[in-house]
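Written below as structure tokens is the structure these notes are about.
The values are calculated or read from the model by the stated rules, or taken from the named source; none is laboratory data. Please read all numbers here as calculations on a predicted model, not as lab measurements. Note that we place each Cβ from the backbone using ideal geometry, even for glycine, and neighbour counts take in every protein chain shown.
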Number of protein chains: 2
Amino acid sequence: MARINGERLLADLRELASIGAYQTGVDRVALSPQDVAARRWLVDKLRRAGLDASMDRVGNVLGRAPTTKAILIGSHTDTVPKGGWLDGALGVGYALEIARSVVESGERTAGVDVISFEDEEGTYLPFLGSRTFFSDIAEQEIAAARSKDGGSLTSALQTIAGEPAPHRFDGKRQFCYLEAHIEQGPRMEAAGNRIGVVPALVGIRRYRIRSHGAANHAGTTPMSMRRDAGAALIDLGAKLNGEFQRLADRDTVWNFGNMVFHPGAANVVPGEGEMLLEFRDISGDVLDRFEAALQRLVADANRGPATVEVETTARIPPTALTEDLGEAIAAAARAHGEEPVRLPSGAGHDVMVVARHMPAAMLFVPSIGGISHDVRENTSDADIVFGCEVLADAVARICAQA
Amino acid sequence: MARINGERLLADLRELASIGAYQTGVDRVALSPQDVAARRWLVDKLRRAGLDASMDRVGNVLGRAPTTKAILIGSHTDTVPKGGWLDGALGVGYALEIARSVVESGERTAGVDVISFEDEEGTYLPFLGSRTFFSDIAEQEIAAARSKDGGSLTSALQTIAGEPAPHRFDGKRQFCYLEAHIEQGPRMEAAGNRIGVVPALVGIRRYRIRSHGAANHAGTTPMSMRRDAGAALIDLGAKLNGEFQRLADRDTVWNFGNMVFHPGAANVVPGEGEMLLEFRDISGDVLDRFEAALQRLVADANRGPATVEVETTARIPPTALTEDLGEAIAAAARAHGEEPVRLPSGAGHDVMVVARHMPAAMLFVPSIGGISHDVRENTSDADIVFGCEVLADAVARICAQA
């Protein structure tokens with residue numbers, strides 16, 4: 001088994017964090033000069049490690065090991081604005097270090113190909129890189145994609161238009177995918193877990209719930225003559241919350257992320273209201289139960305004086321990962337004296353795209369304070385190195401079985 | 001009894017509405033050129049009617065009848081921005097028409113003094129005019145008052161600084177106050193009432209309710225580890241609503257006028273929330289009951305994971321009006337074949353200030369569709385004239401008893 005070098009891993013991650021450094025974090029949004037510089041840095045690192053590496057014209061960096069077969073390992077090096085230093089970077093850093101260690105070990109059969117997918121964070125188009133790698137994207141989508149600031153993806157891609165044609169998945173060579181990531185939640189830290197094995201990524205359903213009533217003077221309009229769009233949403237929200245508590249599985253989560261009333265003055269009965277709702281679970285059945293409850297309670301609300309309508313704004317199915325690969329990670333953790341925790345991923349990752357095309361697994365390391373997408377995002381050095389040791393061990397176990 | 005001239009009343013109201021006309025309504029905010037022009041128009045009308053009239057240096061217009069005693073009748077001629085043609089103007093138009101009719105009748109003992117108070121709508125300082133008339137205002141309040149746009153009251157008053165010293169209440173002469181107003185609500189129209197007698201104006205309590213939790217990723221933070229500032233307000237709002245329904249008297253009203261979550265994204269657990277609440281009733285006991293329920297339920301909420309705090313932003317006591325005067329209006333309505341409805345005022349009016357200093361009563365006429373503070377605000381011509389006839393009759397009854 002190749003032995004990873006923890007000091008070298010940490011040094012690489014710190015060097016990468018210096019590209020686009022912002023306070024204690026990183027601002028390296030997709031296709032920004034900082035993002036492209038980080039990708040060129042990675043190409044250079046991979047080549048020095050003995051891989052055949054390049055950045056393609058969508059920004060994906062692929063490094064191919066000098067072997068006939070390969071486990072594909074990676075994540076992304078783009079970040080959210082004013083983000084943290086480990087979200088994405090950790091998984092790419094692990095891939096680099098393990099690939100390098102395998103080359104150093106002299107292995108010539110099954111090695112590690114390294115990938116950093118472009119725009120995982122969706123600055124222009126979520127999963128642009130992973131979807132392109134699997135030819136799972138339409139030209140029209142790329143043509144239509146714009147950032148929040150209105151910049152077009154097409155024009156952002158101009159800066160790297162001279163790079164080679166997109167790297168594509170090579171099913172004869174790359175036989176499985178592994179992605180390591182920070183948990184981005186508080187559970188592992190709270191429970192004292194150092195290794196999480198992700199059996200599945202949650203499905204997400206998101207809704208915009210709008211209520212329509214009549215704005216009226218809140219002093220002169222009797223309660224019985226109101227069509228209060230605000231009270232309708234408060235009542236609906238409270239009832240949904242009660243029903244969701246009853247219907248939830250152990251890991252189901254839901255959120256009323258925003259609520260807005262118009263016109264929004266103390267002395268005016270709200271004439272319009274809007275509420276954002278999402279819920280997540282690894283079981284499509286649970287998502288269906290929640291959606292049925294939403295439809296039922298909205299129908300009830302429509303028997304009141306205000307009208308309520310629901311628009312579905314996102315519908316992402318759950319993604320199950322490959323059990324055998326997860327078992328290899330779990331066995332590696334146990335071999336290192338750590339009992340791993342099975343933890344569904346509540347956030348989205350490139351592995352959701354990858355798992356549609358090849359066997360895939362995911363490893364989590366703890367997030368200090370559960371914080372991510374923030375400059376305070378962090379994981380202890382010891383946990384960072386330990387996660388890489390476990391993943392390297394898992395790679396050895398998978399290659400041994402392959 | 002002096003007979004009023006309905007055609008003349010309507011013509012005056014239409015002429016007044018042409019000053020600052022905006023679409024089908026009026027934009028004549030306090031101390032604007034349009035407001036001052038309307039007040040000069042009123043002074044001219046009052047003088048032609050045989051009253052001793054002037055505008056003072058806070059904008060109050062007072063017309064004194066050629067009699068030894070007087071009933072003071074009036075309202076205000078300033079409006080909200082883009083407001084209606086009758087809010088305030090109706091009561092001043094009635095006062096003008098009744099005062100003129102009494103002069104025409106040759107009455108020399110008890111007449112009608114007419115007043116248009118400045119800034120009832122609170123562009124700079126609510127009830128500036130009525131509070132000044134009763135010497136019920138501090139210089140510091142005037143010095144500190146600013147409009148929403150930041151304009152100071154002091155500088156707005158500069159344009160009329162050359163006018164006479166403020167008119168003051170003359171307790172030896174003015175023995176009671178009557179104010180007519182549109183209902184500004186839908187109840188009279190819905191019930192087919194043409195005359196409302198106002199026994200009291202509601203007290204108002206207003207609160208800003210803030211919740212504090214922790215903003216977290218809504219996918220990766222388990223429900224049990226959240227401090228959800230949004231869910232705390234939804235739950236509190238629903239519980240308050242249930243409790244208020246139980247505690248309310250017949251005319252109690254309450255309103256959740258606004259709700260805001262921060263940061264306000266579908267996939268982020270709200271870290272901060274804010275909700276505006278007000279309730280109104282003519283009984284201080286009811287207001288106390290509601291406030292006690294608020295305190296109790298907020299204390300309950302604070303046993304949950306988010307914290308909730310309540311700031312009282314307004315506390316206006318109920319105003320009882322003079323029963324005998326209301327009875328005179330009721331008797332006048334019945335003499336005109338109309339059974340009046342007793343209707344608390346859910347909105348504030350100058351009479352709230354006046355009633356602290358002298359006997360006072362208030363008459364309502366219906367608002368079409370309950371609409372006010374809007375260019376669509378209206379009352380049928382027949383109802384406008386009928387209200388003035390009833391008020392003139394009431395004036396005769398009050399003078400006969402005085």
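Numbers for the structure displayed
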| quantity | calculated |
| --- | --- |
| Residues (closer than 30 Å to A:Val310 by Cβ and out of contact with any Leu (no Cβ under 9 Å at 6 or more places or on another chain)) located in the range A:165-201 | A:Gln184 |
| Among the residues listed as B:Gly129, B:Gly213, B:Gly196, B:Gly192, the single one being over 27 Å from B:Val61 (Cβ atoms) and buried (at least 20 other Cβ atoms within 10 Å of the Cβ) | B:Gly213 |
| Conditions (1) over 32 Å from the mean Cα position of the chain (by Cα); (2) more than 9 Å from chain A (Cβ to nearest Cβ); (3) at pLDDT 95 or above: number failed by B:Asp249 | (1) |
| B:Pro317 touching a residue at least 40 places away in the same chain (Cβ under 8 Å) and more than 14 Å from chain A (Cβ to nearest Cβ) | yes |
| The range B:253-271, subset at pLDDT 95 or above and in contact with a Lys or Arg (Cβ under 7 Å, 6 or more places away or on another chain), residue nearest to B:Ala215 (Cα to Cα) | B:Val269 |
| Residues satisfying the stated conditions in the range A:359-400, i.e. farther than 18 Å from A:Pro340 by Cβ and surrounded by fewer than 22 Cβ atoms within 10 Å (Cβ to Cβ) | A:Pro359, A:Ile368, A:Gly369, A:Ile371, A:His373, A:Asp374, A:Val375, A:Arg376, A:Asn378, A:Asp381, A:Ala400 |
| Tally, over the range A:183-203, of residues that are within 7 Å of another protein chain (Cβ to nearest Cβ) and touching a strand residue (DSSP E or B) at 6+ places or on another chain (Cβ under 7 Å) | 4 |
| Scan of the range B:217-255 for residues that are assigned to a strand (DSSP E or B) and not aromatic (Phe, Trp, Tyr), ordered by number | B:His217, B:Val253, B:Asn255 |
| Single unsatisfied condition, A:Arg168 versus (1) basic (Lys, Arg); (2) more than 12 Å from every other protein chain (Cβ to nearest Cβ); (3) touching a strand residue (DSSP E or B) at 6+ places or on another chain (Cβ under 7 Å) | (3) |
| Tally, over the range A:365-374, of residues that are of a type in the set (A, V, I, L, M, F, W, C), modelled with pLDDT of 95 or more and not in a helix (DSSP H, G or I) | 1 |
| Complete set of residues in the range B:145-154 that are of a type outside the set (Lys, Arg) and within 18 Å of B:Gly129 (Cβ to Cβ) | B:Ala145, B:Ser147, B:Gly151, B:Ser152, B:Leu153, B:Thr154 |
| Selection status of B:Val298, surrounded by fewer than 21 Cβ atoms within 10 Å (Cβ to Cβ), in contact with an Asp or Glu (Cβ under 9 Å, 6 or more places away or on another chain) and under 30 Å from B:His262 (Cα atoms) | yes |
| Test: residue in the range A:137-159 that is buried (at least 24 other Cβ atoms within 10 Å of the Cβ) and not β-branched (Val, Ile, Thr) | no |
| Which numbered condition B:Gly106 misses (of (1) surrounded by fewer than 24 Cβ atoms within 10 Å (Cβ to Cβ); (2) modelled with pLDDT of 95 or more; (3) not hydroxyl-bearing (Ser, Thr, Tyr)) | (2) |
| Filter pass, B:Gln34 being over 19 Å from B:Ala392 (Cα atoms) and out of contact with any strand residue (DSSP E or B) (no Cβ under 9 Å at 6 or more places or on another chain) | no |
| Odd one out for B:Gly387, checked against (1) closer than 20 Å to B:Trp85 by Cα; (2) within 14 Å of another protein chain (Cβ to nearest Cβ) | (2) |
| Lone qualifier among B:Ala95, B:Ala70 - being buried (at least 24 other Cβ atoms within 10 Å of the Cβ), out of contact with any helix residue (DSSP H, G or I) (no Cβ under 8 Å at 6 or more places or on another chain), in contact (Cβ under 8 Å) with a residue 12 or more places away in the chain and more than 20 Å from B:Trp41 (Cα to Cα) | B:Ala70 |
| Scan of the range B:307-358 for residues that are in contact with a Phe, Trp or Tyr (Cβ under 9 Å, 6 or more places away or on another chain), among the acidic types (Asp, Glu), surrounded by fewer than 21 Cβ atoms within 10 Å (Cβ to Cβ) and not in a strand (DSSP E or B), ordered by number | B:Glu338 |
| Residue pairs meeting the criteria (Cβ under 7 Å; at least 6 apart or on separate chains; first farther than 13 Å from A:Val268 by Cβ and facing another protein chain (nearest Cβ under 9 Å), in the range A:204-231; second surrounded by 20 or more Cβ atoms within 10 Å (Cβ to Cβ) and among the aliphatic types (A, V, I, L, M)) | A:Tyr207/A:Leu277; A:Tyr207/A:Leu294; A:Arg208/A:Leu276; A:Pro222/B:Val253; A:Met223/B:Val253 |
| Residue ID - nearest to A:Asp136 (Cα to Cα), chosen from residues in the range A:347-365 that are in contact with an Asp or Glu (Cβ under 8 Å, 6 or more places away or on another chain) and within 12 Å of another protein chain (Cβ to nearest Cβ) | A:His349 |
| From the options A:Arg342, A:Arg303, A:Arg376, A:Arg397, residue that is among the basic types (Lys, Arg) and either more than 26 Å from A:Phe117 (Cβ to Cβ) or in contact with a His (Cβ under 9 Å, 6 or more places away or on another chain) (or both) | A:Arg303 |
| Where a residue in the range B:8-19 is without any contact (Cβ under 8 Å) to a residue 24 or more places away in the chain and its partner, wherever it lies, is basic (Lys, Arg) and surrounded by 14 or more Cβ atoms within 10 Å (Cβ to Cβ), with Cβ under 7 Å and at least six apart | B:Ile19/B:Arg28 |
| Extreme residue, nearest to the other protein chains (Cβ to nearest Cβ), among residues of the range A:274-288 that are surrounded by fewer than 20 Cβ atoms within 10 Å (Cβ to Cβ) and part of a helix (DSSP H, G or I) | A:Gly284 |
| Set A:Gly237, A:Gly257, A:Gly271: member being more than 9 Å from chain B (Cβ to nearest Cβ) and touching a residue at least 12 places away in the same chain (Cβ under 8 Å) | A:Gly271 |
| Flag if A:Pro186 is over 30 Å from B:Arg205 (Cβ atoms) and of a type outside the set (Lys, Arg) | yes |
| Near pairs, Cβ below 7 angstrom, 6+ apart or cross-chain, from the range A:381-401 (under 26 Å from A:Arg173 (Cβ atoms)) to any residue that is surrounded by fewer than 23 Cβ atoms within 10 Å (Cβ to Cβ) and of a type in the set (Asp, Glu) | none |
| Subset tally (residues that are modelled with pLDDT under 95 and in contact with a Ser or Thr (Cβ under 7 Å, 6 or more places away or on another chain)) for the range B:188-244 | 1 |
